[in-house]
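Student: Provided herewith is a single structure, encoded as structure tokens, for subsequent inquiry.
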Amino acid sequence: MNVEDIEIKREPRVIFMGTPDFSVPVLDALIKNYKVKAVVTQPDKIVGRGGNLVKPPVKILAEQNNILVLQYDKLKENIEEIIALDPDLIVTCAYGQILPSELLDYPKYGCINVHASLLPKLRGGAPIHRAIIDGYKKTGVTIMYMAPGMDDGDIITQEEVEITDIDTASTLHDKLSTLGSKLLIETLPSIIEGTNTRTPQKPEEVTFAPIIKKEDEKIDFSKTTIQIYNKIRGLNSFPGAYAILDGKRMKIWESKIVEKYNFGHLDGEIIEVSKDGILVKTSNSSILLTVIQLEGKPKMKVSDFINGYKDNLIGKILS
């Protein structure tokens, strides 16, 4: 056998693409198990009234591990810089930009995405929020091959988790982030060895999870109690659901379902106020608001709020 006929196996060169906190455990797991050549993330952002420049969470982790960081406003205008690094594998997780075909087709082992839902359910940018808001009883993580469309590539592996009645977007975020890092590391060996399966998504089972817009944050009290309860949980701890009280925005962070229908009251009308919370009429029952936040004020329990609120709340309408 000639020397040139001997295939020398080397550790695959991995490029990671991600941005928010959700991506950090996934990147950390990759760093501990593979050679991460570079991290591609969104540009630093100016945050707050002080104009502070804040780094994306994955950039902080990459710098702590002396990994090259690349940041682009427009990825498609900079793909040659990434290709020049000759990646064998690209792993994305909540990156925030669509990868051009030239990049998708380049790596030897493909471009792999860690998505926070059981595809084809909840394609899009807010699968964690929407899973709770839309009343799903379970969700999970999908490891998939990336394709030009939005989250429509072939499925490699999946693992599910239950959504409990007390889960919020914050608690579900943490569950799925941890699960995503574990499932990726379990799945990558089969991808590199070429032994993994590829399952096309079923178009008839597709649902979507569009990003949360400002209008999605407002509570509509003509909805059912469970729909309102799910919205409050699904927007906790970011960006928060709200209603209007006396012309001012009041964020509602926590609530309880109360099976108490109140005839003669309007949807959104405050029926009772006690240390336990503010009871509000919904289309089919009532909901008890327990943790709120007025404009310019800190988050607080209703028991603390009513001690300092001089007006009579009963009969007022939350809109």
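Student: Could you tell me which residue of the stretch 185-220 is surrounded by the most Cβ atoms within 10 Å (Cβ to Cβ), considering only residues that are among the small types (G, A, S) and free of Cβ contacts under 8 Å to residues at least 40 places away in the same chain?
Tutor: Step by step, filter the stretch 185-220, then rank; the result is S190.
Student: Please note which helices (runs of 4 or more DSSP H) are completely contained in the stretch 56-112 and include at least 2 residues that are touching a strand residue (DSSP E or B) at 6+ places or on another chain (Cβ under 8 Å) and under 12 Å from M17 (Cβ atoms).
Tutor: Counting at least 2 such residues, we get 57-64, 101-104.
Student: State whether one or more residues within the stretch 214-222 are part of a helix (DSSP H, G or I) and hydrophobic (A, V, I, L, M, F, W, C). Step through it out loud before you land on a result.
Tutor: Keep residues of the stretch 214-222 that are part of a helix (DSSP H, G or I), which gives 214-217.
Then drop every residue that is not hydrophobic (A, V, I, L, M, F, W, C), which leaves none.
Within the stretch 214-222 (the criterion being part of a helix (DSSP H, G or I) and hydrophobic (A, V, I, L, M, F, W, C)), the answer is no, since none of the residues qualifies.
Student: For the stretch 178-224, which residues satisfy the criterion of being aliphatic (A, V, I, L, M) and over 23 Å from V26 (Cβ atoms)? Walk me through it before giving the result.
Tutor: First pass over the stretch 178-224, keeping only residues aliphatic (A, V, I, L, M): 179, 183-185, 188, 191-192, 206, 209, 211-212, 219.
Residues satisfying the conditions are V206, I219.
Student: A further question on this structure: Could you list, in sequence order, all residues of the stretch 310-319 that are touching a strand residue (DSSP E or B) at 6+ places or on another chain (Cβ under 9 Å) and without any contact (Cβ under 8 Å) to a residue 40 or more places away in the chain?
Tutor: N312
Student: Taking only pairs six or more apart or across chains, which ones have beta-carbon atoms under 7 Å, a first residue in the stretch 16-32 that is farther than 16 Å from A116 by Cα, and a second residue that is buried (at least 21 other Cβ atoms within 10 Å of the Cβ) and of a type in the set (F, W, Y)?
Tutor: Sorted first by the residue in the stretch 16-32, then by its partner, the pairs are L30/F16.
Student: Another question, then. Check L266, L279, L288 and return the single one that is part of a loop (DSSP other than H, G, I, E, B) and among the hydrophobic types (A, V, I, L, M, F, W, C). Talk me through it step by step, then tell me what you get.
Tutor: Details: L279 fails: part of a loop (DSSP other than H, G, I, E, B); L288 fails: part of a loop (DSSP other than H, G, I, E, B).
That would be L266, the only listed residue that is part of a loop (DSSP other than H, G, I, E, B) and among the hydrophobic types (A, V, I, L, M, F, W, C).
Read the figures in this text as sums done on the coordinates, not as results from a lab. Small disclaimer: the values here were computed from a predicted structure and weren't measured. Positions of Cβ are generated from backbone atoms using ideal geometry, with glycine treated the same way; all protein chains shown enter the neighbour counts.
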